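The values are calculated or read from the model by the stated rules, or taken from the named source; none is laboratory data. Only a predicted model underlies this, so the values are computations on that prediction, with no experimental measurement involved. Neighbour counts run over all protein chains shown; Cβ positions are idealised from the backbone, glycine included. Calculation scope for accessible area: heavy atoms of the full protein, side chains included, ligands and nucleic acids excluded. Shrake-Rupley method; radii C 1.70, N 1.55, O 1.52, S 1.80 Å.
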Amino acid sequence: MTTTTTSKSRAGAKTNVQKAAAVVAAVFVLVGLLGFIPGITSQYDQLHVAGHGSGALLLGVCQVSILHNIVHLLFGIVGLALARTAPGARSYLLYGGIIYLVLWIYGLRIDMQSAMNFVPLNDADNWLHLVLGIGMVALALLLTKKRSTAGTRNA
């Protein structure tokens, strides 16, 4: 009877990649919500729908707009949905990380005062995107790499 109970609890248990994806996704949802809270977002009166003219700063550092906050919320919600399965969690972390690395490059290449900066991004956002991208890709790869079985050496 304990074997059946153990099997059932293991079958319902979340993998490490699912847990990591859920945490990352939850942080994105939290960041998206915090971007709409005056005080946590400084210069809240300068929060615009989109564009480089939005002067609002999340935690006084990262430039945000309504669009930017909504993107964080949606990215987090998608991540929570994908974290329900191990392959979905891996995909979220891997491809989400790649997206953030592309955003980092995009942010480095554009003129911050141009219409191309529609999200908007600043230097703090750019470097955060690099860290997020590397971290998400690393989690996807490290938490899902195949482990060699020790028993095959003895055979």
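Residues checked against (1) over 24 Å from Gly12 (Cα atoms); (2) in contact with a strand residue (DSSP E or B) (Cβ under 7 Å, 6 or more places away or on another chain):
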site: His52; (1), (2): yes, no
site: Leu58; (1), (2): yes, yes
site: Ile70; (1), (2): yes, no
site: Leu82; (1), (2): no, no
site: Tyr95; (1), (2): yes, no
site: Ala115; (1), (2): yes, no
site: Ala124; (1), (2): yes, yes
site: Leu143; (1), (2): no, no
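So which residues in the stretch 16-30 are of a type in the set (A, V, I, L, M), crowded, with 20+ Cβ neighbours inside 10 Å and under 22 Å from Val61 (Cα atoms), if there are any at all?
Answer for the stretch 16-30, where residues must be of a type in the set (A, V, I, L, M), crowded, with 20+ Cβ neighbours inside 10 Å and under 22 Å from Val61 (Cα atoms): Val24, Ala25.
Restricted to the stretch 124-146, and to residues that are among the charged types (D, E, K, R) and without any contact (Cβ under 8 Å) to a residue 12 or more places away in the chain, which residue is most open to solvent (accessible area, probe 1.4 Å)?
So, considering only residues that are among the charged types (D, E, K, R) and without any contact (Cβ under 8 Å) to a residue 12 or more places away in the chain, the one most open to solvent (accessible area, probe 1.4 Å) is Lys146.
Among residues belonging to the stretch 88-137 that are of a type in the set (Val, Ile, Thr) and not in a helix (DSSP H, G or I), point out the one that is farthest from His72 (Cα to Cα).
Among those that are of a type in the set (Val, Ile, Thr) and not in a helix (DSSP H, G or I), it is Ile110.
Taking the stretch 93-103 only, how many residues are within 18 Å of Leu30 (Cα to Cα) and touching a Phe, Trp or Tyr at 6+ places or on another chain (Cβ under 9 Å)?
1
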